[in-house]
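Taking it in order: structure first as structure tokens, then the write-up.
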Amino acid sequence: MMKKVVIITGASRGFGELIAKKFHKENFQVIATMRNIDSSPSLKKLNNVDIKRLDVTLKSDIKNVIDFTVQKYGRIDILINNAGYGAFGFLEEASEKEIRNQFDVNFFGLIDCIRAVLPQMRKQRDGVIINISSIAGRFGLPFTSLYNSSKFAVEGLTECLHYELSLFGIDIKTVAPGSFRTGFHDSINYTESEKKDDLGDIREKLKIALEEGIKNEPPFPFGFGNNDDVANFVFKQSIKKSKVSNFIGTDTKIINFFIKIFGRELLFKIIKKLWFSRILSKKKL
Ligand SMILES: NC(=O)c1ccc[n+]([C@@H]2O[C@H](COP(=O)([O-])OP(=O)(O)OC[C@H]3O[C@@H](n4cnc5c(N)ncnc54)[C@H](OP(=O)(O)O)[C@@H]3O)[C@@H](O)[C@H]2O)c1
């Protein structure tokens, strides 16, 4: 029997690489795409895994991967939009390039990949698209306005698209992880190309707090999740009918429960208190 075909973006490392390995284990034909095709020696060794170059900001790369897949396998069953990174810092200090790049990768790249697979999926009247969002796409955090809003956009896009794509038998959903220790934290882009002198003091304290907050294990009962759980969860969501938004990680469960019971405004107050007591001592912004 013909294997089902899955395309994964950002498969060089982190969740993307683990997701590619999970689909391979489950006997799929895997198109593992990445910016640098030599990034994952372990994926390169596997049968039934095609490694293809794809920077999600380059439409020509996207077209090449889709053309290759359709010509070679005649179908695209699943697209996993996983590629992404975090741009953190004061919005005011970000350059236009930094702002646009965050959305070019996390949002417009994802849109371009979706638009590229749709003609084939509509022809099949079948297909699944999973957008890797984040719990950060559901509530705001301080100093991560670009990253969070790019993930809010992914959540919004998915929620809207699920109506129109259901007309063609195509299922689209998000998987929103909480905190996991991948390469994500080492790839953070601190957006400070347009430094403002009067923000210098706060910026430096903020960076220390962000580094501490990001690198250290979040306090009990939050903690980091197990990365393999994300790959297994993504696989599971791709083969069954599930909700439009799907959360993975203990922290996502706690936060969603908190919001349901106490509302978002109380969450904002707590976050402000926790962050600003660490960054600002008694000084006000
Ligand atoms: N880790 C977490 O706690 C967490 C939580 C919620 C959501 N997420 C989301 O999960 C997804 C995967 O992140 P991760 O945690 O696995 O982080 P990661 O280890 O840093 O992996 C990020 C992946 O995205 C790729 N990428 C970045 N820019 C790209 C571009 N322009 N074109 C193609 N690929 C690109 C990277 O490729 P290179 O190797 O070429 O840089 C890498 O493969 C992201 O969308 C992230 O926002 C992560």
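The values are calculated or read from the model by the stated rules, or taken from the named source; none is laboratory data. Since the model is a prediction, treat every value here as computed from it, not as a measurement. We place every Cβ from the backbone using ideal geometry, glycine too, and count neighbours over all the protein chains shown.
Residue-wise test of (1) modelled with pLDDT under 95; (2) touching a strand residue (DSSP E or B) at 6+ places or on another chain (Cβ under 9 Å); (3) surrounded by fewer than 22 Cβ atoms within 10 Å (Cβ to Cβ); (4) not in a loop (DSSP other than H, G, I, E, B).
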{"residue": "Glu92", "(1), (2), (3), (4)": "no, no, yes, yes"}
{"residue": "Ile99", "(1), (2), (3), (4)": "no, yes, yes, yes"}
{"residue": "Asp104", "(1), (2), (3), (4)": "no, no, yes, yes"}
{"residue": "Asp112", "(1), (2), (3), (4)": "no, no, yes, yes"}
{"residue": "Ala116", "(1), (2), (3), (4)": "no, yes, yes, yes"}
{"residue": "Lys123", "(1), (2), (3), (4)": "no, no, yes, yes"}
{"residue": "Ile129", "(1), (2), (3), (4)": "no, yes, no, yes"}
Exactly one of Lys63, Lys45, Lys52 is without any contact (Cβ under 8 Å) to a residue 60 or more places away in the chain, surrounded by 15 or more Cβ atoms within 10 Å (Cβ to Cβ), more than 10 Å from the ligand (Cβ to nearest atom) and basic (Lys, Arg), and that residue is Lys52
Which of (1) without any contact (Cβ under 8 Å) to a residue 12 or more places away in the chain; (2) under 23 Å from Thr182 (Cα atoms) is the odd one out, the single condition Met1 does not satisfy? (2)
Test Arg75 against the criterion of being within 13 Å of the ligand (Cβ to nearest atom), surrounded by fewer than 22 Cβ atoms within 10 Å (Cβ to Cβ) and in contact (Cβ under 8 Å) with a residue 60 or more places away in the chain, and give yes or no. no
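Looking at segment 145-156, which of the residues that are more than 11 Å from the ligand (Cβ to nearest atom) and either assigned to a strand (DSSP E or B) or not acidic (Asp, Glu) (or both) is surrounded by the fewest Cβ atoms within 10 Å (Cβ to Cβ)? Step through it out loud before you land on a result.
Start the filter on segment 145-156 by keeping residues that are more than 11 Å from the ligand (Cβ to nearest atom), which leaves 145-146, 149, 152-153, 155-156.
Those still in the list that are either assigned to a strand (DSSP E or B) or not acidic (Asp, Glu) (or both) too: 145-146, 149, 152-153, 156.
On the way: Ser145: 20, Leu146: 23, Ser149: 19, Phe152: 19, Ala153: 18, Gly156: 13.
Only one residue fits best here, namely Gly156.
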State whether one or more residues within segment 220-238 are at pLDDT 95 or above, exposed (fewer than 15 other Cβ atoms within 10 Å of the Cβ), under 21 Å from Thr158 (Cα atoms) and more than 16 Å from the ligand (Cβ to nearest atom). yes
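Filter segment 1-22 for residues that are over 18 Å from the mean Cα position of the chain (by Cα) and not aliphatic (A, V, I, L, M); which is surrounded by the fewest Cβ atoms within 10 Å (Cβ to Cβ)? Please lay out each step first, then the result.
Restricting attention to segment 1-22, the residues satisfying the condition of being over 18 Å from the mean Cα position of the chain (by Cα) are 1-5.
Retained after the next criterion (residues that are not aliphatic (A, V, I, L, M)): 3-4.
Numbers: Lys3: 15, Lys4: 19.
Filtering first and then ranking leaves Lys3.
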Those residues that are touching a residue at least 60 places away in the same chain (Cβ under 8 Å), part of a helix (DSSP H, G or I), among the small types (Gly, Ala, Ser) and within 15 Å of the ligand (Cβ to nearest atom), I need them from segment 157-213; list them, please. Gly183, Ser187
Pairs returned, first residue in segment 7-20 that is charged (D, E, K, R), second residue that is near the ligand (Cβ under 8 Å from one of its atoms) and assigned to a loop (DSSP other than H, G, I, E, B), beta-carbon separation under 6 angstrom, 6 or more apart or interchain, are Glu17/Ala11
What is the residue count in segment 214-247 for residues that are over 17 Å from Val6 (Cα atoms) and part of a helix (DSSP H, G or I)? 5
Positions within segment 1-37 being near the ligand (Cβ under 8 Å from one of its atoms), assigned to a helix (DSSP H, G or I) and charged (D, E, K, R), in sequence order: Glu17
